[in-house]
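Down below is the structure, laid out as structure tokens.
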Amino acid sequence: MTYAYSWQTNAHRILGKLISDGHEHGLPPLCWTLATTGALTGEAQGLGVTIEEQRAAFTAWATHLGTKTTETARSDGRVSLHAFIDHGGERVGALRAEILPGLNDETTTG
């Protein structure tokens, strides 16, 4: 259990740097999750924004971090975006976005 706290403490420090860098570079805020293992996940949320804004937020972060993006089309019409986050030569987490076509039509007109 002691290792988990060490991993989380280190990830917390890295997360603080990522958030500060994002603010400094004018990147859109992400929803961040810190796992017990210390893995970080930054998610470009889809609720309340257009599909284009969600994709742009993900792309801005992936570009800023210099990471490769994987895009997977799902049978239900959604698109999953994924990119790994490296810090100091070590993989520390991932960026994600679930693009849900049609969902934004209801939230932006309602």
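Could you give the angle, 0 to 90 degrees to the nearest 10, between helix 2-24's Cα long axis and the longest principal axis of the Cα atoms of the chain?
Rounded to the nearest ten degrees, it is 50.
Over the chain, what lengths in whole Å, largest first, do the semi-axes of the equivalent ellipsoid take, defined as the square roots of 5 times the eigenvalues of the alpha-carbon gyration tensor?
Rounded to whole Å, the semi-axes are 27, 15, 13.
In whole percent, what relative contact order does the chain give with Cα contacts below 8 Å and a gap of six or more residues?
Here the relative contact order equals 25 percent.
About the Cα centre, and with charges only on the beta carbon of Lys, Arg (+1) and Asp, Glu (-1), how big is the dipole of the chain? Nearest 20 debye, please.
Here the size comes out at about 360 debye.
Between the helical axis of 51-65 and the dominant principal axis of the chain, each derived from Cα atoms, what acute angle in degrees is found, rounded to the nearest 10?
With both axes taken from Cα atoms, the answer is about 30 degrees.
Can you work out the accessible area per residue across the chain, with the rest of the protein chains kept in place, probe 1.4 Å, in square angstrom?
64
Name the residue from V79, V49, L15 whose Cα lies farthest towards the positive end of the charge dipole of the chain, charges +1 on Cβ of Lys and Arg and -1 on Cβ of Asp and Glu.
Farthest towards the positive end: L15.
The values are calculated or read from the model by the stated rules, or taken from the named source; none is laboratory data. Fair warning: this is a prediction, and the values are worked out from it, not measured in the lab. Here the Cβ is made from the backbone with ideal geometry for all residues, glycine too, and neighbour counts use every protein chain on show. The protein model used for the area step is the full one, side chains on, heavy atoms only, and it has no ligands, DNA or RNA in it. Shrake-Rupley method; radii C 1.70, N 1.55, O 1.52, S 1.80 Å.
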